[in-house]
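What follows is a single structure, written as structure tokens, with notes after it.
The values are calculated or read from the model by the stated rules, or taken from the named source; none is laboratory data. From a predicted model like this one, the values you see are computed outputs, not experimental measurements. When we count neighbours, we look across all protein chains shown, and the Cβ atoms used for this are built from the backbone with ideal geometry, even at glycine. Heads up: the accessible areas ignore ligands, DNA and RNA and are worked out on the full protein's heavy atoms, side chains in. Shrake-Rupley method; radii C 1.70, N 1.55, O 1.52, S 1.80 Å.
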Amino acid sequence: MTSNTVRKRFIDNLKNLIKNDNYKGQKVISEDFYEWRIENWKKMKKEDYEFSPIFNLCNEEWKIGAYKGYSKFKFNFLDLIIMNIGVMGKIINYNCAIAIHSINDYTTYISMQMDDNSFTLKEKLCRFTKSDYKDKFKTILKENKVIISVYIQIYEIKDNKESLTSSIKEHFVDKEEFIEDMECEVDHIKIANGLKFIDKNYFEWKIEDWKKMEEDNDFDEEEYSPEFEIGKHHWRLKLYPNGCKDCKDFISLKLENMDVETYKTTHIFVRFILFIANYYDYGVHYEKKKTSYFSGIICDCGENQFIAKKDLYNNFEKFSKPFIQDNKVIFGTYVEVYNYDKSFLFYDELEESINNFCGELNNYLDYDEYEFTIGNWKKIKNENSTYISSPEFNIGGYNWTLLIYPNEESSNEKKFSIRLHNSETLSSKIYNFIAVDYILYIRDYNSYSYSLMSSPETKFFNYYFTESEEYFENSDLYSKNKLTNKSLIESNKLIVGCLLRIQSINKDILGKGLKSIILPNISYNKGIIDEDCYEWEIKDWENIKDKEEEIKSPEFNLCNYKWNLGIYPNGYNECVKDNLSFSLYNLTVLEDNFPKDQNVFSAHIFYIRNKHNFSYFHFFGKFIYGLKECIGDTEMMNDNIIGRGYFEFNINCWECFTLKKDPLSFGFTIGNYWWQCIIYQNSKSGKDKNYISLYLKCKELEDENSLRKNDKVYVKYVLYIRNPSNLLYITTKASSSVSCFDKENIEQGYEYFIDKSELTNEDKPLLENDSIIYGCYLCIYKNKDLEKIKEKEKEKEKISEKEKEAQKYSINNGGNSSSSSNNNCNTTTNTLPYLLNENGDLAKALYEFKGSNEYELSFSKNDYIRVIDWNFKEGWAYGYKSGFLQKKGTFPKALIQKCEESTNELSNLPTNLPPNTQFSSYPQPYPYPYPYSYPYSNTNPYNLQFQPILQDNNQPSAPPLNENPSDPEDQPPSYEEIIQNDDLLQH
């Protein structure tokens with residue numbers, strides 16, 4: 001049998017599928033066949049219609065749409081639609097059948113007749129489900145190329161003597177007929193089977209003076225219709241006469257639910273039509289069909305580009321009348337409300353919310369949800385449990401945990417929070433970079449009808465950013481559902497879950513992730529002029545890795561300036577020979593015609609990555625946060641700050657340094673001032689050689705040629721010495737107030753910074769392999785704002801003045817304990833728990849304390865406390881609960897006991913953190929910037945971390961898998977460990 005014969009038989013079979021039940025006795029006036037060839041099935045849009053080119057068949061214009069549907073994030077069905085896009089108002093009766101088959105294979109196919117519809121410009125639809133055609137789907141899609149074929153028959157219209165191919169029939173439509181048409185139209189909005197219908201109704205909004213409404217509202221300003229009720233819910237139309245969201249040439253129209261913001265656990269599913277109609281003739285109308293979920297995070301739905309403003313007064317689609325006539329027009333909606341009680345509705349809403357907030361993606365690594373059950377929520381709340389940990393789960397090849405904090409404190413209001421924690425990025429794989437679109441939720445144990453959802457977000461997880469947090473109001477748990485009059489906590493059991501979409505990393509995604517890192521760390525970002533990203537591909541690393549000199553990139557243009565990058569494969573000097581050093585040069589400022597009094601302020605971030613896989617990269621950033629906390633820089637207003645940053649220096653041979661007489665110093669620029677950090681191996685004065693001295697010097701004030709030599713520079717600073725490979729082993733000393741550097745006082749610091757014996761302390765050694773790192777962080781403030789800064793420093797004294805000498809406090813469980821030792825975080829060694837970004841001494845509450853004033857810190861027995869000041873006033877200390885940095889206050893010292901840091905209190909904190917450097921957020925006025933250094937060589941213990949970055953794979957690598965599961969002892973405590981002997985946690 002020839003191929004033409006097979007194709008003809010296929011077309012005849014498709015034609016025979018058409019059953020002419022609705023048009024019996026009506027003559028077929030035209031029929032024909034069309035094929036839409038799809039070259040790449042996998043790259044077609046997901047969960048949105050992709051349309052064929054417009055084609056002409058039977059003297060009419062048509063297009064076919066294909067919708068790949070997903071259930072619980074996996075391909076489950078295919079919806080097909082055919083649309084006649086000819087002249088609006090023209091009546092056409094037609095039937096059609098449709099089929100899917102492989103390229104050049106007309107023997108294996110799936111086919112059906114499409115739903116019949118005799119209305120003008122109406123679509124016909126059909127659905128192929130994967131479960132019904134499982135084997136044939138596999139056969140048809142095996143080559144990723146398919147053909148969608150359609151056979152169309154057009155029928156003669158009774159009582160119409162004129163040929164349908166040459167005439168337009170437009171007739172007057174009254175309101176009753178129009179509502180009947182809307183009821184038929186809404187039935188053609190495809191929804192899942194088995195949904196329980198609740199209510200439907202029609203609403204119209206007659207506007208008597210359109211020009212006034214246009215004039216009274218600017219772009220992005222809305223007008224609201226009167227309220228109306230459908231399905232026991234209150235609604236209104238939201239109209240933007242001059243458009244919204246970059247749609248100035250359009251009218252925007254939306255349907256808004258007014259209940260979901262009040263009843264936050266309520267979720268509603270509707271299908272509806274939005275329309276505009278001529279005030280006198282409903283036959284002249286234009287409509288958009290929608291389905292949508294309404295909830296606490298999505299309260300309106302519609303079209304930003306509902307109709308172009310230019311089409312309001314024209315005879316749109318060859319109507320005989322315009323929409324706006326005599327300055328009058330009608331907007332309206334037809335709504336059907338369905339019961340929200342199916343699991344697939346809940347998961348579809350999660351996915352739709354991700355798409356609406358984070359954008360639709362056709363290419364991603366994984367898309368899945370995870371849930372676990374919490375029993376006896378009231379008991380958890382009453383016992384003030386710190387947090388509950390879900391079992392570890394894997395999505396996208398990465399390990400995740402949900403942490404629930406039942407008694408979170410935020411803005412002095414009791415809340416609870418859910419945190420999404422990634423443990424993969426805290427492992428040895430420091431090069432992992434994970435871009436995640438996520439939504440966190442908590443729902444009723446027995447029903448999908450009511451739940452709380454967080455607003456979907458995109459988060460970039462990496463070595464320094466491992467956790468994302470969402471807050472929920474406690475009161476929302478007890479809010480009654482509008483229809484059922486039940487609360488979320490009705491059964492005292494809750495299900496907590498998340499939906500994660502793991503993105504495939506490309507250059508654009510990587511750029512967004514780096515921007516999310518850099519913005520929170522610059523002093524002032526309101527005046528950003530431009531931003532961009534440049535990458536330099538090094539093709540011959542093997543040939544340059546042993547070079548001593550600097551290798552420079554080609555010159556490139558970025559943000560209207562000329563730049564180049566420099567790299568020292570073996571460090572820029574002998575002291576950092578085992579490091580990779582980076583430099584950024586602004587070449588424009590070195591040109592002769594560049595104004596000498598003009599500075600270029602930039603924030604930048606260096607990174608290296610694998611050529612083939614954007615997920616394998618490393619940037620240099622965020623140890624600085626703990627140092628900023630030491631001087632309260634994180635709480636200062638950015639407008640007061642001229643510049644801030646930190647530099648550090650690695651002494652690779654400490655023994656060699658101690659044999660020398662001269663101190664060691666390194667220079668850097670912050671806030672347009674030249675600084676030095678100086679270490680004296682036998683104390684600066686030489687009086688006590690058992691001590692090391694550490695000083696900060698403003699070299700700028702020493703330079704007679706400097707224009708700033710007579711300045712007064714107001715600074716808060718931190719000096720530190722740390723272990724090269726463990727950030728937890730660090731000694732810091734911070735200025736307790738703003739220090740003034742001037743010509744008479746250019747060097748400040750600590751004569752007795754640390755006893756040399758402490759460098760080799762067995763519990764927290766600072767010296768490792770004869771190597772040590774010393775450095776400083778400083779923040780420079782405006783001269784004119786000095787008084788404001790001093791007022792900020794006196795904040796604790798002001799709190800003390802407000803106390804009214806309160807002597808009474810609540811002690812539960814009885815008893816007293818002696819005061820802890822007198823320590824001050826500004827002048828003694830601090831442990832900086834990197835994971836929690838916390839400073840201050842760790843203490844444990846021996847008793848419960850309930851503060852009677854808002855400036856007092858309440859806590860429960862066994863809570864962990866970070867003590868910032870042990871001697872805030874007599875008998876009182878100042879600090880915060882560990883994990884709740886935002887809420888600080890005073891409390892009696894007798895109620896807490898300092899933890900010995902050599903014990904296992906801090907054993908769960910990471911100990912394998914590599915050294916790193918903070919990107920600068922300040923100008924570099926000198927032509928020789930001091931490079932940033934990072935260890936990479938074979939002699940460095942972190943070389944293995946860079947192998948995935950430097951390797952030259954021809955194929956992108958798969959996401960890393962957790963080959964070595966974490967020791968259970970390293971995991972956060974589960975609910976069973978917090979509430980023992982109570983089997984309440986179910987999975």
Completion exercise
Residues of the range 684-720 being surrounded by 12 or more Cβ atoms within 10 Å (Cβ to Cβ), farther than 11 Å from Q748 by Cβ, of a type in the set (A, V, I, L, M, F, W, C) and out of contact with any helix residue (DSSP H, G or I) (no Cβ under 8 Å at 6 or more places or on another chain), in sequence order, are L701
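Could you list all residues from the range 837-852 that are over 32 Å from the mean Cα position of the chain (by Cα) and crowded, with 20+ Cβ neighbours inside 10 Å? Break it down stepwise before answering.
First, the residues of the range 837-852 that are over 32 Å from the mean Cα position of the chain (by Cα): 841, 843-852.
D841, A843, Y847, F849 - these are the residues of the range 837-852 that are over 32 Å from the mean Cα position of the chain (by Cα) and crowded, with 20+ Cβ neighbours inside 10 Å.
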Exercise for the section: Identify, from the list K74, K15, the residue that is basic (K, R) and at pLDDT below 75. Expected result: K74
Problem - Answer from I82, I110, I103, I98 - the residue that is at pLDDT 80 or above and closer than 19 Å to V186 by Cα - result: I82
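Scan the range 664-716 for residues that are assigned to a loop (DSSP other than H, G, I, E, B) and charged (D, E, K, R) and report the count. Outline the logic, then answer.
Going through the range 664-716, the residues assigned to a loop (DSSP other than H, G, I, E, B) turn out to be 671-672, 681-690, 703-712.
The next check asks that each one be charged (D, E, K, R); those that pass are 684, 687-689, 703-704, 708-709, 711-712.
The total comes to 10.
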Exercise for the section: Could you tell me which residue of the range 240-254 is surrounded by the most Cβ atoms within 10 Å (Cβ to Cβ), considering only residues that are closer than 21 Å to T291 by Cβ and more than 27 Å from the chain's Cα centre (by Cα)? Expected result: L253
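Go through the range 214-233 residue by residue and tally those that are of a type in the set (A, V, I, L, M, F, W, C) and either in contact with a Phe, Trp or Tyr (Cβ under 6 Å, 6 or more places away or on another chain) or crowded, with 16+ Cβ neighbours inside 10 Å (or both). First the steps, then the outcome.
Within the range 214-233, the subset of a type in the set (A, V, I, L, M, F, W, C) is 219, 228, 230.
Right, trim to either in contact with a Phe, Trp or Tyr (Cβ under 6 Å, 6 or more places away or on another chain) or crowded, with 16+ Cβ neighbours inside 10 Å (or both) and you get 228, 230.
Of the residues in that region, 2 qualify.
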Practice task
Would you be able to tell me the number of residues in the range 302-335 that are without any contact (Cβ under 8 Å) to a residue 12 or more places away in the chain and assigned to a strand (DSSP E or B)?
Solution key: 0
Exercise for the section: Identify the residue in the range 342-371 that is in a loop (DSSP other than H, G, I, E, B) and open to solvent by 60 Å² or more (accessible area, probe 1.4 Å) and, among all such residues, is farthest from C299 (Cα to Cα). Expected result: N363
Practice task
Scan the range 176-183 and give yes if some residue there is assigned by the TED database to the domain that holds H233, under 15 Å from K288 (Cα atoms), surrounded by fewer than 18 Cβ atoms within 10 Å (Cβ to Cβ) and charged (D, E, K, R), otherwise no.
Solution key: yes
Exercise for the section: Considering (1) open to solvent by less than 40 Å² (accessible area, probe 1.4 Å); (2) among the aliphatic types (A, V, I, L, M); (3) not in a strand (DSSP E or B), say which one I374 fails and leave the rest. Expected result: (3)
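Where in the range 230-288 are the strands (runs of 3 or more DSSP E), entirely inside, with at least 1 residues that are assigned by the TED database to the domain that holds Y202 and free of Cβ contacts under 8 Å to residues at least 40 places away in the same chain?
Details: elements: 233-240, 250-257, 268-277.
Fully inside the range 230-288 and qualifying: 233-240.
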Practice task
Could you please give the count of residues in the range 554-591 that are modelled with pLDDT of 85 or more, surrounded by fewer than 19 Cβ atoms within 10 Å (Cβ to Cβ) and part of a loop (DSSP other than H, G, I, E, B)?
Solution key: 6
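Inspect all residues belonging to the range 377-386 and state whether any of them is in the same structural domain as Y405 (by the TED database), more than 30 Å from A845 (Cα to Cα) and either surrounded by 17 or more Cβ atoms within 10 Å (Cβ to Cβ) or not hydrophobic (A, V, I, L, M, F, W, C) (or both).
The first filter runs over the range 377-386 and keeps only residues in the same structural domain as Y405 (by the TED database), leaving 377-386.
Those left that are additionally more than 30 Å from A845 (Cα to Cα): none.
Taking every residue of the range 377-386 in turn, none turns out to be in the same structural domain as Y405 (by the TED database), more than 30 Å from A845 (Cα to Cα) and either surrounded by 17 or more Cβ atoms within 10 Å (Cβ to Cβ) or not hydrophobic (A, V, I, L, M, F, W, C) (or both).
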Fill in the blank from the handout: Of the residues in the range 282-324, those that are closer than 16 Å to V173 by Cα and of a type in the set (F, W, Y) come to Y282, Y286, F319, F323
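Tell me whether the range 116-124 contains one or more residues that are among the hydroxyl-bearing types (S, T, Y), open to solvent by 50 Å² or more (accessible area, probe 1.4 Å) and modelled with pLDDT under 70. Walk me through how you get there before you give the answer.
Going through the range 116-124, the residues among the hydroxyl-bearing types (S, T, Y) turn out to be 118, 120.
Now narrow it down to the ones that are open to solvent by 50 Å² or more (accessible area, probe 1.4 Å): 118.
Within this subset, residues satisfying the condition of being modelled with pLDDT under 70 are 118.
Within the range 116-124 (the criterion being among the hydroxyl-bearing types (S, T, Y), open to solvent by 50 Å² or more (accessible area, probe 1.4 Å) and modelled with pLDDT under 70), the answer is yes, since at least one residue qualifies.
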